[in-house]
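Reading through the structure tokens given below for one structure.
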Amino acid sequence: MIDKKLMAPGVLERIKEALGVSSDKEVAEYFGISSTSVHNWKRRGSIPYDECVELAIAKKAGLEWLLFGEGVATGTAVASSRAIGHAEVRVPARAYDASYSAIPIYDIEAAAGTGRLFDDELVETTIQFDTEQLQRDGLDPSQLVGVRVRGDSMGETLHDGDRVLVDRSSRTPDGVFLLRMDDGLRIKRVQRVAGGGWMLISDNGRYQSELVDPLSNQNVEIIGECVMRLGRIS
């Protein structure tokens, strides 16, 4: 069995070598994450599989070399395959840990538009979640996607830039939901009202609530329930 805590520092050093950098901060800036996240790869023994795959695509670094220090530093490793964005990358089967689920994160603005919802090319990043913990919370990883919040309409509930997990299997109000409204995506609190209608509520009092009838010609669709916030602490 692989000891990840022993493995992680070597992976990070090879990532730095592939990028031509020397600090955790520079690695974090390249991937658009915090320096603390990079530090935690070493401290917790976390293996940044998705970042390694990204380097295999962008820098043509050998994936086997990045992960295990084996093979050559350039080229493409072969074994099982996995789609990353719109490219197909050959990845060693042992590079993936079945105890974690990779949840894709989308930008709401980028994902807006008819027919473009949750297109693989619009994946902003992926985040690894403990599969057993998700299941204990009653969540099916295959039904989860993440979205980045835009705007302040949800007040203190969700901030601009927060990431939210959306359960696509849960589409019955009441609660906070990701909606498609015309060609855009919105996050609103949805409450059922008499007659079968929905009240769309923004937790920011500066925005007016809106009453919609799902059976009318109004183009409103519930995509899924927002079940977990990944954001900064106020």
* Has the range 142-159 got any residue that is touching a residue at least 40 places away in the same chain (Cβ under 8 Å), in contact with a Gly (Cβ under 6 Å, 6 or more places away or on another chain) and not charged (D, E, K, R)? -> yes
* Any pair with Cβ under 9 angstrom, 6 or more apart, that starts in the range 14-35 at a residue that is within 16 Å of Ile47 (Cβ to Cβ) and ends at one that is modelled with pLDDT of 85 or more and exposed (fewer than 14 other Cβ atoms within 10 Å of the Cβ) -> Lys16/Ser22; Lys16/Ser23
* **strands (runs of 3 or more DSSP E) completely within the range 91-152 that count 1 or more residues being modelled with pLDDT under 80** => 100-107, 123-130
* Asked: Which one is nearest to Thr172 (Cα to Cα), of the residues in the range 185-234 that are among the polar types (S, T, N, Q) and at pLDDT 90 or above?
  -> Gln191
* Limited to the range 130-175, what total is found for residues that are touching a Ser or Thr at 6+ places or on another chain (Cβ under 7 Å) and of a type in the set (A, V, I, L, M, F, W, C)? -> 2
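The values are calculated or read from the model by the stated rules, or taken from the named source; none is laboratory data. Computed from a prediction, not measured in an experiment: that's the story for all the values here. Here Cβ is always computed from backbone atoms with ideal geometry, including for glycine, and neighbour counts include all displayed protein chains.
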